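Colleague: Before I ask anything, here is the structure I am working with.
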Amino acid sequence: MNPLRLLSPMLLALASLSAHAQNPLTEIAGSTFREKTVYAVYDLPGKDLKVEAIESAALDAVRTYARNSQVRQGIPMTPFPEYPGQMTIGTRNSGGPKPDCAGEVFSIEGLDKSMAKYGEATYHRFCLFPYAGGYRLNYFALYGQQSGVGNANPNVLSAMLGRAMGSLVGLGDSSVTINKMLERLESNLHDAGMNYKLVQLHPKDMTGRVLLEDDLVRPTAPAVTALPPSAVPVAVQPQPTPINTPLPAQSAAALPPELAQLQLAMQRQNELVRQQMAAKQATPSVPKKPNAADARKELTAMGLQYFSQEQFMAAIRRGDSMAVDLFITGGGVDLNAATAGATPLKIAESSGHKEIVALLKNAGAN
């Protein structure tokens with residue numbers, strides 16, 4: 001279709017837009033790419049909350065508006081900190097914002113490309129962070145939109161016309177699905193019987209979202225108080241001789257007897273400290289093997305159940321030796337139970353995971 005045929009009705013629609021709205025008249029010539037970001041943090045208080053229920057609520061919201069989704073299990077801190085971690089916003093190679101998570105329980109990503117044909121796409125990400133009193137669910141969305149007749153996508157111009165016509169009757173672009181996703185999430189959390197509180201939101205004027213005061217106090221570093229001048233000692237203290245540096249004989253002879261004895265005593269002390277440090281470095285430290293209770297806690301923190309045979313077999317298949325070791329130590333799974341005719345050891349051997357094969361054999365699997 002010739003894009004010039006769309007210009008006449010499009011100009012009429014664009015000219016009718018309110019003055020405070022984005023002016024698409026300036027967008028017709030050339031090519032423009034716009035990005036819109038949304039950030040939200042939900043507080044989920046309660047030490048007995050089920051991670052699986054939170055993950056299910058978030059994943060359902062993502063899948064409702066983004067067909068392609070990925071779920072990744074993280075490695076949170078143990079024990080849980082008093083104040084939760086938080087998603088950080090870095091910079092992509094292209095210059096746009098990029099969400100990063102570290103120490104999360106799980107991360108869910110989704111990409112909505114249903115409107116890619118018309119130059120629109122939306123990226124979603126959830127990250128769950130634990131703390132001593134509950135969990136914090138962080139959400140980030142990035143909406144991108146192309147416009148202008150100079151764009152290589154031939155459907156962009158018709159999409160601009162559709163957005164302009166829709167704005168006249170109160171309809172927006174496909175970024176409205178971001179707010180709908182948050183509505184879906186809140187509904188899922190409510191239906192699961194979980195209390196939640198929206199404590200951070202950008203932008204703050206999103207329709208239907210209620211921002212509440214965050215009553216969780218962020219820890220602050222202790223203030224360093226400078227000593228007043230009168231409290232600073234004025235006496236000059238003798239400086240210790242550097243470790244393993246002998247005192248020259250002529251300088252010792254030139255010193256008064258009291259100072260010479262003091263320096264010799266400091267040298268002996270320094271040499272003793274050096275020998276102790278060298279002996280400590282020469283002794284290899286043996287890492288402490290976690291007991292069953294510790295292993296179960298670590299598996300729970302990773303979002304896994306220590307008694308789940310299915311999750312144990314999945315860890316073997318993907319080569320997750322750390323999780324397999326924790327399952328074995330936790331003692332809640334059967335090392336010889338066959339699934340579809342294959343034992344854990346047989347699956348590990350057929351998958352080529354030598355480290356896991358050794359772990360299973362050492363634990364008595366056959």
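Colleague: With respect to Thr245, determine if the residue is in a loop (DSSP other than H, G, I, E, B) and at pLDDT 55 or above. Steps first, please.
Modeller: Working: in a loop (DSSP other than H, G, I, E, B): yes; at pLDDT 55 or above: no.
So Thr245 fails the test.
Colleague: Give just the number: which of (1) over 15 Å from Tyr196 (Cα atoms); (2) among the charged types (D, E, K, R); (3) touching a strand residue (DSSP E or B) at 6+ places or on another chain (Cβ under 6 Å) does Lys117 not satisfy?
Modeller: Answer for Lys117: the failing condition is (3).
Colleague: Could you run through segment 116-127 and say how many residues are crowded, with 18+ Cβ neighbours inside 10 Å and either hydrophobic (A, V, I, L, M, F, W, C) or more than 15 Å from the chain's Cα centre (by Cα) (or both)? Walk me through how you get there before you give the answer.
Modeller: First, the residues of segment 116-127 that are crowded, with 18+ Cβ neighbours inside 10 Å: 118-127.
Next, from what is left, pick out any that are either hydrophobic (A, V, I, L, M, F, W, C) or more than 15 Å from the chain's Cα centre (by Cα) (or both): 118-123, 126-127.
Matching residues across segment 116-127 total 8.
Colleague: Go through segment 81-115 and count every residue that is on the phi > 0 side of the Ramachandran plot and either buried (at least 18 other Cβ atoms within 10 Å of the Cβ) or under 11 Å from the mean Cα position of the chain (by Cα) (or both). First the steps, then the outcome.
Modeller: The first filter runs over segment 81-115 and keeps only residues on the phi > 0 side of the Ramachandran plot, leaving 95, 103.
Restricting the remaining residues to those that are either buried (at least 18 other Cβ atoms within 10 Å of the Cβ) or under 11 Å from the mean Cα position of the chain (by Cα) (or both) gives 103.
Total meeting the criteria: 1.
Colleague: Go through (1) in contact with a strand residue (DSSP E or B) (Cβ under 9 Å, 6 or more places away or on another chain); (2) surrounded by 13 or more Cβ atoms within 10 Å (Cβ to Cβ) for Asp60 and report which single condition fails.
Modeller: (1)
Colleague: Among the candidates Met181, Met165, which residue alone is modelled with pLDDT under 60, in the same structural domain as Ser94 (by TED's automatic domain parsing) and touching a helix residue (DSSP H, G or I) at 6+ places or on another chain (Cβ under 6 Å)?
Modeller: Working: Met181 fails: modelled with pLDDT under 60.
Step by step, each of Met181, Met165 is checked, and only Met165 is modelled with pLDDT under 60, in the same structural domain as Ser94 (by TED's automatic domain parsing) and touching a helix residue (DSSP H, G or I) at 6+ places or on another chain (Cβ under 6 Å).
Colleague: Condition first: assigned to a strand (DSSP E or B) and polar (S, T, N, Q). Now tell me which residues in segment 305-354 satisfy that. Don't jump to the end; show me each part of the working.
Modeller: Keep residues of segment 305-354 that are assigned to a strand (DSSP E or B), which gives 339, 342.
Once the filter is applied, which keeps residues that are assigned to a strand (DSSP E or B) and polar (S, T, N, Q), segment 305-354 yields only Thr339.
Colleague: Within segment 283-295, does at least one residue satisfy the condition of being over 28 Å from Glu52 (Cα atoms), in a helix (DSSP H, G or I) and either touching a residue at least 40 places away in the same chain (Cβ under 8 Å) or hydroxyl-bearing (Ser, Thr, Tyr) (or both)?
Modeller: no
Colleague: Could you go through segment 314-329 and let me know if any residue there is crowded, with 19+ Cβ neighbours inside 10 Å, farther than 26 Å from Ser107 by Cβ and of a type in the set (A, V, I, L, M).
Modeller: yes
Colleague: Do you know which residues across segment 177-197 are polar (S, T, N, Q), surrounded by 19 or more Cβ atoms within 10 Å (Cβ to Cβ) and closer than 22 Å to Met115 by Cα? Give the derivation first.
Modeller: Filtering segment 177-197 down to residues polar (S, T, N, Q) leaves 177, 179, 187-188, 195.
Checking which are surrounded by 19 or more Cβ atoms within 10 Å (Cβ to Cβ) leaves us with 177, 188.
Selection gives Thr177 alone.
Colleague: For segment 16-57, name all the residues that are surrounded by fewer than 18 Cβ atoms within 10 Å (Cβ to Cβ), hydrophobic (A, V, I, L, M, F, W, C) and at pLDDT below 75.
Modeller: Of everything in segment 16-57, those that are surrounded by fewer than 18 Cβ atoms within 10 Å (Cβ to Cβ), hydrophobic (A, V, I, L, M, F, W, C) and at pLDDT below 75 turn out to be Leu17, Ala19, Ala21, Leu25, Ala29, Phe33.
The values are calculated or read from the model by the stated rules, or taken from the named source; none is laboratory data. Since the model is a prediction, treat every value here as computed from it, not as a measurement. Backbone-built Cβ (ideal geometry, glycine too); neighbour counts: all protein chains shown.
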